[in-house]
Amino acid sequence: MSGSAVSPDILAEPAKEAEPHLILVDGSGYIFRAFHALPPMTRPDGVPVNAVFGFTNMLGQFLTKHAGTHMAVVFDASRSTFRNQIYDQYKAHRPEAPPELVPQFALIREATAAFGVASVELDQYEADDLIAAYACAFAANGGQVTIVSSDKDLMQLVRPGIQLLDPIKQKPIREAEVFEKFGVTPDKVIDVQALAGDSTDNVPGVPGIGIKTAAQLINEYGDLEGLLTAAEQIKQPKRREALIANAELARISKKLVTLDCDTPVPQPIDALLARPPEPGRLAGFLREQGFRSLLHRMGLDGDATPDTAPTSRPRFVPQLPESAPGTTTEITPAADEAAFGPYETVVSAEALAPFIAAAREAGAMGLDTETDALDALRANLVGISLAVGPGRACYIPLRHGPLPGNGDMLQEAPAAPPQMSQDEAVALLKPLLEDPSVMKVLHNAKYDLEVLGRPEHGGILVSPVDDTMLISYSMDAGRHGHGMDELSLRHLGHKPISFDEVTGTGRARIPFTQVALDKATAYAAEDADVTLRLWHALKPRLRPNQALALYEQVERRMVGVLREMELAGIKVDGAELARIGEDFSGRMVVLEKEAQDLAGRPFNVGSPKQLGEILFDEMKLPGGKRGKAGAWGTDAAVLEDLASRGHELPRKVLDWRQLAKLKSTYVEALSAQIDPRDRRVHTDFAMAITSTGRLSSSEPNLQNIPIRSEEGARIRRAFIAEPGHVLLAADYSQIELRLLAHLADVPSLREAFEKGEDIHSRTASDIFGLAPDKVDKEARRRAKTVNFGIIYGMSSFGLASRLGIPAAEARAIIDAYFSRYPGILEEMERLKSEAREKGYVMTPFGRKLWIDGIQAKEQARRGNAERAAINAPFQGGAAEIIKRAMVRMPLALREAGLSARMLLQVHDELLFEVPDSEIEATSEVVRQVMESVAELRVPLKAEIGHGPNWGVAH
DNA sequence: TACATCACG
DNA sequence: GACGTACGTGATGTAC
């Protein structure tokens with residue numbers, strides 16, 4: 001694909017997306033623990049529910065702390081399994097399930113579903129067998145697997161990619177822990193169990209041999225068969241006799257304890273994809289069971305949980321309501337209020353080791369990188385900071401140079417301070433940063449992951465990752481900014497040292513490489529410390545705010561997807577841009593001269609102020625309006641109006657402005673952004689800027705490349721595909737209007753979308769009372785304006801000014817619209833009152849969007865907020881849909897064996913670079929993913945085109 | 001640095 | 001009776 005023609009150090013890395021992670025919960029373990037740990041409880045109707053309560057509580061707790069890309073709770077389906085055919089005594093003395101537990105099994109499956117988690121079970125197989133099958137398959141495909149169980153029988157599955165998590169101790173069980181328990185490596189566990197047997201499961205084993213002896217024998221003879229073959233030579237007579245006499249029993253035992261990776265599975269792995277919880281279903285379930293305390297604890301018992309005051313901190317949810325008062329897991333004051341610094345500057349492996357050990361011990365760490373630029377694709381790594389607990393953080397400088405200013409011309413050049421080499425630091429840190437059992441917490445992870453993933457920085461693929469910026473954004477979009485300093489002040493009551501304080505500003509700013517190590521450490525280590533503390537403060541809020549699924553399944557997965565897109569960039573034909581620029585320059589010279597001749601004097605055509613004075617003071621043209629600064633308004637609408645009245649000057653200025661805009665922004669600035677290494681431009685997608693859930697794009701902004709005018713389209717045609725490739729553009733058709741038809745459930749609009757009709761023509765027919773074949777261009781144009789205006793909360797005044805018609809006429813059109821489309825007016829009113837009462841509105845997928853100013857006393861400000869509230873669910877819902885498509889796209893393409901790269905997202909459009917031979921297949925995969933990503937009352941439709949450049953693809 | 005303007009969805 | 005009037009972004013040039 002196109003990568004072959006570009007610089008390998010940028011693009012050589014294969015597409016890697018958010019790390020697949022499967023969590024398998026051993027349901028039976030949870031159930032029996034809950035049942036025996038809790039006193040009897042019944043619902044009002046007498047159904048026993050203590051196990052249901054305990055299970056629900058434990059699963060809820062678990063989900064506040066863990067999430068994977070895939071997840072399932074695995075249950076035992078029946079008492080009788082294939083093992084009873086091998087050995088009829090297997091688990092024979094297990095008592096029947098207590099009668100009070102029996103009716104709870106079904107409710108527990110219901111609870112699982114209410115959390116949006118898959119249940120898995122299969123007749124004739126134990127949960128352990130299914131766990132083995134899924135774990136093996138998932139790990140074999142390169143995924144990470146966590147099995148939540150304390151069942152030692154599962155320890156045989158531990159290997160790279162598969163670990164156990166003890167649900168009681170919350171402790172990972174890996175090879176070291178298995179060895180501690182069985183005295184052998186995980187792959188030999190079944191041989192040890194075959195010899196030692198298991199009285200609780202009635203696995204016979206060899207009498208007289210326990211785990212210790214078994215481990216010793218297996219380590220000596222390799223495996224069970226090796227041992228049985230050599231049994232004759234064993235010195236101890238008793239042991240020898242026992243082994244010879246019970247060889248067959250040992251073989252049967254091995255079969256009983258062996259978990260077969262080839263066990264049939266009842267559902268494909270895809271069915272285990274972590275799903276968003278269904279809004280209301282969990283609350284409904286909890287209410288049905290009468291679990292009021294859980295409703296409350298999960299924040300499902302009323303309206304929005306108000307944000308905490310700026311300096312107070314959210315608390316962890318107590319682990320169990322039954323635990324004695326005061327024994328909850330709230331942050332202790334000591335840990336909570338640890339000082340921010342002093343921090344350690346680490347310049348040796350010896351000094352780094354305790355931090356690495358502490359990170360592994362804690363299972364989570366804060367991470368931050370310092371660089372010498374903001375552009376992640378060019379920046380050099382200057383240092384790394386780690387945090388392992390509140391106040392426990394360090395900075396590892398790597399590329400700090402000598403301090404400026406203290407060099408003496410007569411002496412030798414000043415030396416750089418002693419530091420670890422990057423190679424040494426990477427060698428020590430890479431295993432930790434890639435360790436699936438240690439959570440790495442970053443703020444704006446995309447940036448650091450881009451820096452650390454570059455080959456010259458060790459190609460570190462940090463995983464797993466949490467991002468405090470995205471955690472905050474998932475809950476609080478529109479409410480405030482999500483920069484670290486702001487969140488620290490808001491949630492930790494602490495103002496971190498600012499970057500400007502460390503490097504200076506303006507001309508005096510020095511690169512981070514020139515910052516003295518003590519200052520650099522105070523700043524950098526604090527950022528890692530703050531990040532980790534923010535994680536502790538914010539992550540537990542996700543579930544009670546119903547934002548966990550959004551974060552885990554959408555926002556967090558977008559990090560890797562966007563990283564790949566930014567890395568890929570898009571090729572721009574610089575020579576073509578230069579030709580366009582020449583053409584525009586020549587025409588601007590002519591227009592400028594003509595404008596000045598018409599004005600009667602020279603003036604700066606680019607100055608709205610001078611233009612206003614000429615038009616309204618000197619030429620005395622009518623219709624001038626002053627802006628808030630007292631200057632005449634001269635924007636395009638004003639100039640168009642003047643031009644339509646026959647004045648020549650405004651047209652010249654309009655034409656000049658268009659060319660000036662295109663030339664400065666899209667010819668000159670864009671050309672300067674082309675990376676000489678690959679002749680591509682690499683944008684930076686901001687994930688937590690907008691108030692609606694949209695992305696934004698900057699440096700350069702590739703979401704506002706011209707298209708509407710012919711001059712603009714020339715620019716777009718300078719975005720090209722590599723040789724042998726095309727650009728493929730896929731647009732969601734009318735996505736916001738589809739959301740309107742869905743949300744307000746408008747019959748006529750729904751029908752038009754079902755039938756694939758032109759929606760604006762349908763609206764024209766409906767509101768102007770025209771037969772479908774009588775709808776002309778003008779009627780359609782007006783209907784289109786109304787359709788979009790509705791989504792923006794437009795008033796009759798606004799419609800009148802857009803259409804150039806009297807306000808009364810506009811009023812009549814809007815009235816016709818609302819009466820012909822019942823439900824829309826109600827929906828608009830509902831959104832306004834929801835915003836007023838709760839402070840936020842919701843997208844159809846459950847993202848809360850906070851509306852700033854909705855309570856304002858000033859009518860103007862409040863009006864703005866009300867229109868924002870009306871628009872937010874549509875804009876935000878559309879953003880949600882395309883993000884879901886984006887996180888599914890890389891896997892879908894890979895599974896289809898396609899090498900297309902996703903390059904850009906422009907709100908309702910995805911742009912791909914596709915090998916010529918894969919155009920058709922890619923189109924189908926893209927269409928399938930985009931159209932199936934949400935189930936609305938109307939179909940989703942993607943329109944797809946392709947060509948050698950972006951203009952043609954569209 | 002604030003404002004006006006205009007490129008996009 | 002006055003007020004303001006279609007949502008969301010980012011980049012540029014002018015003027016202060």
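Can you compute the modelled spin-label distance between A:ASP500 and A:ASN704, with each label point 7 Å from Cα toward Cβ, in nm?
Simple spin-label model gives 2.4 nm for this pair.
From the P(r) of segment A:458-516, can you give the percent of Cα pairs sitting at distances over 12 Å? It would help to have the intermediate numbers written out before the result.
Details: 1279 of 1711 pairs.
Of all Cα-Cα pairs in segment A:458-516, 75 percent lie more than 12 Å apart.
Going 7 Å from the Cα of A:SER437 toward and past its Cβ, which residues in segment A:454-479 have a backbone nitrogen under 16 Å from where you end up?
Zone members listed by number: A:463-464.
Could you run the Debye sum over the Cα atoms of chain A, one equal point scatterer each and no solvent, and tell me log10 of I(q)/I(0) at q = 0.05, 0.08, 0.10 Å⁻¹, two decimals?
With no solvent term, the Cα-only Debye profile gives -0.38, -0.93, -1.36.
What percent does the relative contact order of segment A:481-545 come to when contacts are Cα pairs within less than 8 Å and at least six residues apart?
On the way: 40 pairs, mean separation 22.6, N = 65.
Relative CO of segment A:481-545 lands at 35 percent.
What is the fewest-to-most order of A:TYR792, A:TYR551, A:TYR221 by other Cβ atoms lying within 10 Å of their Cβ? Display every interim value, and only then the final one.
Working: A:TYR792 14, A:TYR551 24, A:TYR221 18.
Least crowded to most crowded, the residues run A:TYR792, A:TYR221, A:TYR551.
Within the set A:LYS171/A:LYS539; A:LYS661/A:LYS755; A:LYS212/A:LYS539, which residue pairs have Cα atoms separated by over 31 Å? Could the numbers behind the result be given before it?
Values: A:LYS171/A:LYS539 19 Å; A:LYS661/A:LYS755 41 Å; A:LYS212/A:LYS539 43 Å.
Over 31 Å apart, Cα to Cα: A:LYS661/A:LYS755; A:LYS212/A:LYS539.
At a 10 Å Cβ-Cβ cut-off, how would you order A:GLU177, A:GLU566, fewest neighbours first? List each step's numbers first, then the result.
Details: A:GLU177 17, A:GLU566 20.
Ascending number of Cβ neighbours within 10 Å: A:GLU177, A:GLU566.
How big is the dipole moment of chain A about its Cα centre under a simple scheme where the beta carbon of each Lys and Arg is +1, that of each Asp and Glu is -1, and everything else is neutral? Debye, nearest 20, please. Could the numbers behind the result be given before it?
Values: 107 positive and 131 negative charges, 453 e Å.
Dipole magnitude for chain A comes out near 2180 debye.
Only bridges with both residues in chain A count here: give the DSSP antiparallel percent, nearest 5. Mind dumping the intermediate values first?
Numbers: 49 of 74 bridges.
Here the antiparallel bridges make up roughly 65 percent for chain A.
Quick check on chain A: helices-only [θ] at 222 nm, where DSSP H runs of length 4 and up contribute -39,500 (n - 2.57) each and the sum goes over total residues. Nearest 500, please.
Values: 38 runs with 418 residues, N = 954.
Calculated at 222 nm, the ellipticity per residue is -13500 deg cm²/dmol.
How are the Cα pair distances of segment A:540-635 distributed, in percent, across 10 Å bins from 0?
So the P(r) values, bin by bin, are 12, 21, 15, 14, 20, 15, 3.
Tell me, how many Å apart are the Cα centres for segment A:223-261 and for segment A:160-185?
With segment A:223-261 and segment A:160-185 each reduced to a Cα centre, they are spaced 25 Å.
Taking every Cα atom in segment A:676-770, find the radius of gyration and the maximum pairwise distance Dmax, and write them in Å.
Here Rg and the maximum Cα pair distance are 18.9, 59 Å.
If you find the alpha carbon centre of segment A:714-783 and of segment A:455-532, how far apart are they in angstrom?
First find each Cα centre; the distance between them is then 43 Å.
For chain A, what is the relative contact order in percent, using Cα pairs closer than 8 Å and at least 6 residues apart in sequence?
On the way: 1629 pairs, mean separation 98.6, N = 954.
After rounding, I find 10 percent.
Counting Lys +1, Arg +1, Asp -1, Glu -1, what net charge surrounds A:LEU442 among other residues with beta carbon under 12 Å of its beta carbon? Don't jump to the answer; show the numbers that get you there.
Numbers: positive: A:LYS440, A:LYS446, A:ARG556; negative: A:ASP368, A:ASP448, A:GLU450, A:ASP466, A:ASP467, A:ASP527.
Combined, the nearby Lys, Arg, Asp and Glu give -3.
Among A:VAL426, A:VAL653, A:VAL178, which comes first, then next, by fewest other beta-carbon atoms within 10 Å?
Working: A:VAL426 19, A:VAL653 28, A:VAL178 25.
Result, fewest neighbours first: A:VAL426, A:VAL178, A:VAL653.
Do any cysteines in chain A lack another Cys Cβ under 4.7 Å, and if so which?
A:CYS394
So which aspartates and glutamates can A:LYS832 reach, going by Cα to Cα under 13 Å and dropping same-chain residues fewer than 8 places off?
A:ASP852, A:GLU866
Take the Cα atoms of segment A:66-203, build their convex hull, and give its volume per residue in Å³. Mind dumping the intermediate values first?
Values: hull volume 17.9 nm³, N = 138.
Looking at segment A:66-203, the number lands at 130 Å³ per residue.
Among A:PRO268, A:GLY600, A:MET41, whose Cα sits farthest toward the positive end of the charge dipole of chain A (+1 at Cβ of Lys/Arg, -1 at Cβ of Asp/Glu, about the Cα centre)?
Positive-end residue among those listed: A:GLY600.
Where does the charge balance sit around A:ALA349 when Lys and Arg score +1, Asp and Glu -1, over other residues with C-beta under 15 Å from its C-beta? Don't skip to the end; give the middle numbers.
Details: positive: A:LYS430; negative: A:GLU344, A:GLU350, A:ASP423, A:GLU424.
Spelling it out: positives minus negatives among the neighbours equals -3.
Tally Lys and Arg at +1 and Asp and Glu at -1 over the other residues with C-beta under 10 Å from the C-beta of A:LEU374: what net charge comes out? Walk me through the intermediate numbers first.
Values: positive: A:ARG378; negative: A:ASP372, A:ASP375, A:ASP684, A:GLU699.
Residues close to A:LEU374 contribute a combined charge of -3.
Taken together, the values in this text are just the output of simple stated rules run on the coordinates, not laboratory data. Just so it is clear, the model here is predicted, and its values are computed rather than measured. FYI the Cβ positions are ideal-geometry reconstructions off the backbone, even for glycines, and counts take in every protein chain you see.
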